[in-house]
Amino acid sequence: MRLRTLILAAALVGGFVYFARPNSFLRQHGAAEGPLWTGPPVTRSAGLGTDELNNIEVYKMASPSVAYITSTVYRQTFFYGLQAAKDLGSGFVINPNGEILTNNHVVNGSQQVEVTLTDQSKYKATILVRDRVNDLALIKIEPKKKLTYLNLGDSDRLQVGQKVLAIGNPFGFDGTLTTGVVSTLGRTIEAENNHRMEGMIQTDASINSGNSGGPLLDSQGNVIGINTAIYGPNGGSVGIGFALPINRAKAMLDDYRAGRKPARLGISTVYVAGDVAQALELPAAGGLLIQEIGRGSSAESAGLHGARRLVMIGNQEVGIGGDFITAVDGKKVTEIDAITRSLAKKHSGDVLNLTIFRGGRSMDLKVTLTDASEDVL
């Protein structure tokens, strides 16, 4: 027994000496001296770049205000039972009272809306107001604690190329940050039910299913848009996402506070200028060619005309024969969202002054705006 103990002790001591002198072993086998990898002597946040530090700062400031929204719709099954279908989305707190902005399509048709905050606290939410045309909704929770909230910026001052950050819950992965730039402004997209949305912000910040309703932030942490739609196969991001300008939401909030309904014109348009306009015998300076008039809309009541027939211009089908809007409230039309920008400052009952080109001549038309109905475009 004692002999065995001595042998074991000798083996341990020998092993210690063997492993305590690795350089001798490496030299014997022709290996170079020193570590096999290199790295910074000290890892610290001061080594991060300016842009990285900005991302971190904005995320830490904004993420506690981003909400994870679960919308439940109960549908009848074949055997007359009820089955719960859940949709996921995002939103963000805008004041300490627990009011949260999101997209209308996130909560549309739901019988129950639940909000989960970043600390995993859960609340039942009430829908206060919905704006179907702009795909906006305001919901409210009754907070049990003090809430952090986000400041709303100015989307009218955005520039192509400026940095933006998106925070949301893509595919249920809550608190996800992506970054990018404003790719372009004033985009028109086809949303749900063939509804056209004008004046959208296009960004390459990765947006996926579940990001809807979340904030698009500038480098100061101000909300400049609400992530609304993506372009890509099977609902996946390919670097083309769309956000609703936050000034559109601010107009809805002002109307809600004052008890007013948002103003609607009720038309869909395409922007035409230059050679294409001349070929259609329209002013080359450009304008908005009306495609459709919504039933029961302000535009219909004012006598505006929609397209009479369709033609192919390049690879796009365009309706022609309708009124051509060249100025809105005295300002020449130079962009597709000219009407949208004017409407953002108006309310139901206000007058919108239009200059239109019809039958070879210009004329002024006053449109008394009404609130949207389900039939308005």
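The values are calculated or read from the model by the stated rules, or taken from the named source; none is laboratory data. Since this is a predicted model, take the numbers as computed values, not measurements. All Cβ positions, glycine included, derive from the backbone under ideal geometry; neighbour counts span all protein chains shown. Each accessible area value is taken on the protein alone, full model and side chains, heavy atoms only, with ligands, DNA and RNA left out. Shrake-Rupley method; radii C 1.70, N 1.55, O 1.52, S 1.80 Å.
Scanning the range 275-303 for residues that are open to solvent by 10 Å² or more (accessible area, probe 1.4 Å), of a type outside the set (Val, Ile, Thr) and not in a helix (DSSP H, G or I) yields a total of 11. Of the listed requirements (1) under 20 Å from ASP329 (Cβ atoms); (2) within 31 Å of the chain's Cα centre (by Cα), TYR256 misses just one: (1). Restricting VAL223, VAL182, VAL272 to residues that are closer than 22 Å to THR148 by Cα, at pLDDT 90 or above and open to solvent by less than 20 Å² (accessible area, probe 1.4 Å) narrows the list to VAL223.
Here's the yes/no breakdown for (1) out of contact with any strand residue (DSSP E or B) (no Cβ under 7 Å at 6 or more places or on another chain); (2) under 18 Å from ASN353 (Cα atoms):
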{"site": "GLY296", "(1), (2)": "yes, no"}
{"site": "GLY303", "(1), (2)": "yes, yes"}
{"site": "ARG309", "(1), (2)": "no, no"}
{"site": "ASN315", "(1), (2)": "yes, no"}
{"site": "GLY322", "(1), (2)": "no, yes"}
{"site": "ALA327", "(1), (2)": "no, yes"}
{"site": "LYS331", "(1), (2)": "yes, yes"}
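Restricting attention to the range 101-125 and to residues that are more than 17 Å from VAL66 (Cα to Cα) and not in a helix (DSSP H, G or I), the residue that is least open to solvent (accessible area, probe 1.4 Å) turns out to be SER110. For the range 321-358, a residue qualifies if it is open to solvent by less than 40 Å² (accessible area, probe 1.4 Å), touching an Asp or Glu at 6+ places or on another chain (Cβ under 7 Å) and part of a loop (DSSP other than H, G, I, E, B), and the qualifying residues are ILE336, ASP337. The residues in the range 159-176 that are open to solvent by 20 Å² or more (accessible area, probe 1.4 Å) and in contact with an Asp or Glu (Cβ under 9 Å, 6 or more places away or on another chain) can be counted, and the count is 2. If the condition is being in a loop (DSSP other than H, G, I, E, B) and modelled with pLDDT under 90, then the range 304-320 contributes GLY314, ASN315.
What are the pairs with Cβ atoms under 6 angstrom where one residue, in the range 47-65, is within 9 Å of LEU177 (Cβ to Cβ) and part of a helix (DSSP H, G or I) and the other, located anywhere, is open to solvent by 30 Å² or more (accessible area, probe 1.4 Å) and aliphatic (A, V, I, L, M)? Sequence gap at least six, or different chains. Going by the 6 Å Cβ cut-off, the qualifying pairs are TYR59/LEU177.
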